[in-house]
Amino acid sequence: MDATPHLSESLIRGRAAATVFARGQEYYEQGAVLTVARRGADLLAAVEGSDYAPYHVQIRLDAGGVMSAHCSCPYDLGGDCKHIVAVLLTALHKPAVVETRPLVATLLADLSPDQLRTLLTTLTDQQPDLADMIEVQVALLTHAPPTVATSPSTAPPAVNPQSAIPNPQSAAPRPRQTPLDAQTFQRQVRAMLHSGDRMSSSDRYGMGSEVVTAIQRIADQAQPFLDAGDGRNAMVILEAVTAETVQGWEEVAEEDEFTDLFQDLGQFWAEAVLVADLTAAERRRWTKQFAAWQEALNDYGVDAVFQAAEEATRQGWDDPDLLRVLQGTDKGAGLWPGDRPDYADDLAVARLNILARQGRTQEHLRLAAAEGQHAAYATMLIGLGRVAEALDYGLRHVATPDAALPLAQALRGHGDLDAAIHLAEHGLTLPGDPLALARWLRDLATGLDRPAVALQAAQMALRDSIGLADYQALQTVAGAAWPPLREALLARLRGTRGGYSTAGLDIFLHEGLIDDAIAGITPGTYYVEVARVVDAAIPVRPEWAGQAAWQQARAIIDAKRANHYSDAVRWLERAYSAAAQGGQAAAWRADVQALLAEHRRKYSLVPLLEALLSRHRA
């Protein structure tokens with residue numbers, strides 16, 4: 001296969017954290033990418049990871065490069081994971097291993113209905129989980145609700161003003177005829193919350209994020225039911241997860257590790273109660289339950305995560321203000337005659353998700369406009385093929401770079417790359433943090449060979465802070481203009497003396513400017529960063545490197561931190577390398593001998609120092 005167009009190592013590096021890119025590069029070099037295939041616009045790969053089974057990577061490409069990338073691994077810290085990095089590096093540097101395969105639609109095109117049924121039956125026999133996925137999709141295909149007229153100029157359908165807008169779930173499928181067993185999910189959550197009960201407190205340290213990730217995956221099982229309009233079974237899962245987690249989370253970790261999970265559960269609930277056809281009694285019950293859960297969390301600083309769900313339960317779909325908005329008869333009054341509550345956006349997103357799934361596009365547009373959900377409004381227009389209208393709407397209503405990004409991404413997903421760039425360029429002129437939008441536009445414009453746009457976006461990505469990946473990306477797109485830009489950026493970094501950020505040290509070390517890196521080391525610099533500078537300084541500034549290494553070692557030993565004596569010895573190893581580089585190995589041995597005599601009573605330290613001297617005899 002020919003080299004994948006519009007990929008570069010700079011682009012790949014810019015999509016991941018520096019440490020993640022380094023690990024992905026190791027995976028690539030070690031051959032962890034087992035298979036890579038290209039089907040149309042998608043790269044599909046299997047990559048070895050920490051689990052026995054390989055992780056699966058899917059990367060969507062277009063004329064501008066990487067549109068999206070997903071991996072089945074649990075990484076969720078932002079940017080691409082190491083498996084995605086490894087696949088992109090493979091596609092870039094070893095294009096011959098990327099196998100071109102036909103689209104699935106092409107493979108199935110000539111099969112008869114009987115052959116298709118046989119194929120699906122065989123696959124579900126081999127992978128039983130596929131049966132549930134197929135069941136949901138069949139239900140969606142065979143019970144699709146009618147589509148409401150979508151032109152804003154079209155009059156709304158006649159509705160009795162005394163009656164409610166039909167509940168969106170009423171036309172939706174119910175793929176299950178029997179309820180789920182809540183105990184199945186309760187046991188899973190309980191097992192995760194108590195997974196560290198038999199561990200020591202030190203062994204349990206840091207496992208909170210793993211528990212949160214596992215519980216999030218259990219909660220995510222509610223999504224297919226919501227997609228299928230089965231709100232009641234989604235609620236079975238969510239009730240099991242929420243009740244168990246609210247009761248037992250504080251024994252596992254600090255509240256900041258669980259806050260995002262509770263916020264996600266609250267958003268799930270807002271949607272679930274709107275999809276389910278709740279009776280008046282059920283509404284009262286669930287309103288009280290959400291209030292009780294919230295009260296239990298308030299003491300721990302986890303505030304207002306169930307407010308949207310509570311209000312969704314109260315209002316349902318028959319709130320008078322909501323009815324007027326959906327019918328287009330609100331005359332600009334909107335949904336909140338008074339002050340707009342903090343949870344209004346979460347509630348609006350829940351309703352818009354449901355309306356979009358059920359094809360109620362006219363009502364979706366009205367609600368999005370009334371609630372100021374400009375990205376949702378414009379994205380719906382894009383989905384309806386009304387791209388020019390969407391772009392015009394976005395240019396008039398988007399107010400921040402962060403708001404412009406999802407709309408620009410939607411335009412790109414629709415294939416309208418010129419419109420996507422136009423909107424993104426506009427977004428970069430708006431107040432707010434431009435970093436995410438600038439990076440996105442820089443990479444897209446680079447892939448489309450629009451150097452002027454790429455250069456402007458690359459410079460915007462460095463407007464507020466300087467990171468190594470963005471620094472290197474600017475170097476790539478700047479070409480002949482790089483030297484003056486480089487000097488200006490380095491001058492900015494030098495102006496922050498008093499302690500560089502990690503990124504500042506990264507850049508100076510990348511450029512080989514050791515003296516600048518040394519100037520950024522202060523008494524408060526983290527020892528890991530000191531070690532990086534010392535290692536880089538040994539060949540060129542051995543005297544400074546040796547002194548810095550001795551200082552770190554002595555600080556550990558003088559503080560009697562016995563559990564870190566091995567770290568002190570590693571610092572002394574660095575000091576030896578610096579001394580040997582400067583022809584001072586004998587002086588180093590004398591200093592270590594003196595250190596050994598001084599601390600002869602530290603029995604856990606003595607054998608470490610003796611072994612160190614033995615390794616470096618004259």
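Coordinate-derived values only; no laboratory data. The shown structure was predicted, so the numbers you read here are calculated from the model rather than taken from an experiment. A quick note on method: Cβ atoms are made from the backbone with ideal geometry, for glycine too, and the neighbour counts reach across all protein chains shown.
Using a ≥ b ≥ c from the Cα gyration tensor of the range 509-618 (square roots of the eigenvalues), is it rounded, prolate or oblate, where a/c under 1.5 gives rounded and otherwise the larger of a/b and b/c decides, a/b for prolate?
oblate
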Arrange the following residues from fewest to most other Cβ atoms within 10 Å of their Cβ: Met235, Met460.
Met460, Met235
How far apart, in nm, are two points set 7 Å out from the Cα along the Cα-to-Cβ line at Ala562 and at Thr121?
7.2 nm
Taking loop as defined by DSSP and a crowding limit of 15 other beta carbons within 10 Å, which chymotrypsin sites (Phe, Trp or Tyr not before Pro) in the range 1-66 fit?
Tyr52
Local charge sum around Arg360 (other residues, Cβ-Cβ under 11 Å, Lys/Arg +1, Asp/Glu -1)?
+2
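Net charge around Ala461, counting only other residues with Cβ within less than 11 Å of its Cβ (Lys, Arg = +1; Asp, Glu = -1)?
Neighbourhood net charge equals -1.
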Just to confirm the filter: which chymotrypsin sites (Phe, Trp or Tyr not before Pro) across the range 221-262 are DSSP coil and have at most 16 other Cβ within 10 angstrom of their Cβ?
none
Label-point gap, in nm, between Ala491 and Ser604 - each point 7 angstrom along Cα→Cβ:
5.2 nm
Angle between the chain longest axis and helix 344-357 axis [Cα atoms, degrees, rounded to 10]
60 degrees
Label Ala618 and Gln186 with points 7 Å out from Cα along Cα→Cβ: what is the distance between them in nm?
7.7 nm
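Would you mind getting me the FRET efficiency between Lys288 and Leu384? Use the beta-carbon distance for r and R0 = 35 Å, nearest 0.05.
Efficiency, rounded to the nearest 0.05: 0.30.
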Counting Lys +1, Arg +1, Asp -1, Glu -1, what net charge surrounds Gln186 among other residues with beta carbon under 13 Å of its beta carbon?
-1
Could you give the length gained on full extension between Thr522 and Ser465, defined as 0.36 nm per residue of separation minus the Cα-Cα distance, in nm?
18.5 nm
Given [x] 0.89; [y] 1.17; [z] 1.05, the label whose value is Cα Rg over 2.2 N^0.38 Å derived from this model:
[y]
Over the chain, the sum of -39500 (n - 2.57) across DSSP H runs of at least four, divided by residue number and rounded to 500 deg cm²/dmol, gives at 222 nm -18500 deg cm²/dmol
Crossing angle, helix 387-397 versus the chain [Cα axis fit, 0-90 degrees, rounded to tens]:
70 degrees
Scoring the range 544-612 by relative contact order with C-alpha pairs under 8 Å, at least six apart, yields a percentage of 32 percent
Contact order relative to length for the chain, counting C-alpha pairs under 8 Å separated by 6 or more residues, stands in percent at 9 percent
Per the rule of 0.36 nm per residue minus the C-alpha distance, extending His426 to His414 adds in nm 2.4 nm
The answer for the longest stretch of the chain without any exposed GluC sites (Glu not before Pro) (DSSP loop, at most 16 further Cβ atoms within 10 Å) is 255-510
Once fully extended, how much extra length lies between Lys94 and Thr19, figured as 0.36 nm per residue of separation less the alpha-carbon to alpha-carbon distance?
24.7 nm
